[in-house]
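The values are calculated or read from the model by the stated rules, or taken from the named source; none is laboratory data. Quick caveat: nothing in here was measured; it's all calculated off a predicted structure. Using ideal geometry, Cβ is built from the backbone for each residue, glycine included, and neighbour counts are taken over all protein chains shown.
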């Protein structure tokens, strides 16, 4: 497993060791012991989520507020996605900065998103299956979001006319957002 730091502290790209031959491939997508050693903290995942999206679907930017904040280990099982996170940790030097990376079934790359980040993605192919391992349970009262195309965040979503839910299109602007992190 290869771990790469990003320009935003604690946000990590994880590339698993993939064993491929003429039969296909095998890789370990999660190992609690190895992952805890990499992060230097004990990680306990309590919920796995999966979404299925058509090409051009944007989901996000979502998060859960404390005390139900979630860390997420995300990956694409089928297809490809542009994964986007925004640092919403008030005391962070990178508060308000975003980072994006392509996750796909081809590159098998994963992204560790600690609590304190808003998260979203663009499905770049039809039938994209996105997987999330979460460190806390879903709590509807703690759920929140930031406008996915907020001009203050200036995220390049790499799509001209995305398919976006009404909820995501009506999320608050970053300038009106008050972080609980």
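The number of residues in the range 26-40 being free of Cβ contacts under 8 Å to residues at least 40 places away in the same chain, assigned to a loop (DSSP other than H, G, I, E, B) and surrounded by 11 or more Cβ atoms within 10 Å (Cβ to Cβ) comes to 2.
How many of the residues making up the range 5-25 are in a strand (DSSP E or B) and either touching a helix residue (DSSP H, G or I) at 6+ places or on another chain (Cβ under 6 Å) or within 15 Å of residue 74 (Cβ to Cβ) (or both)?
At the first step, the residues of the range 5-25 found to be in a strand (DSSP E or B) are 5, 12-15, 18-21, 24-25.
Still in the running and either touching a helix residue (DSSP H, G or I) at 6+ places or on another chain (Cβ under 6 Å) or within 15 Å of residue 74 (Cβ to Cβ) (or both): 12-15.
Selection size over the range 5-25: 4.
Scoring residue 114 on the criteria (1) surrounded by fewer than 19 Cβ atoms within 10 Å (Cβ to Cβ); (2) out of contact with any strand residue (DSSP E or B) (no Cβ under 7 Å at 6 or more places or on another chain); (3) closer than 25 Å to residue 32 by Cβ leaves a single failure, condition (1).
If you check 55, 50, which single one turns out to be in contact with a strand residue (DSSP E or B) (Cβ under 9 Å, 6 or more places away or on another chain) and either buried (at least 24 other Cβ atoms within 10 Å of the Cβ) or outside any strand (DSSP E or B) (or both)? Steps first, please.
Values: 50 fails: either buried (at least 24 other Cβ atoms within 10 Å of the Cβ) or outside any strand (DSSP E or B) (or both).
Exactly one of 55, 50 is in contact with a strand residue (DSSP E or B) (Cβ under 9 Å, 6 or more places away or on another chain) and either buried (at least 24 other Cβ atoms within 10 Å of the Cβ) or outside any strand (DSSP E or B) (or both), namely 55.
Looking at 71, 60, just one residue is farther than 25 Å from residue 163 by Cα, at pLDDT 95 or above and crowded, with 20+ Cβ neighbours inside 10 Å, and that residue is 71.
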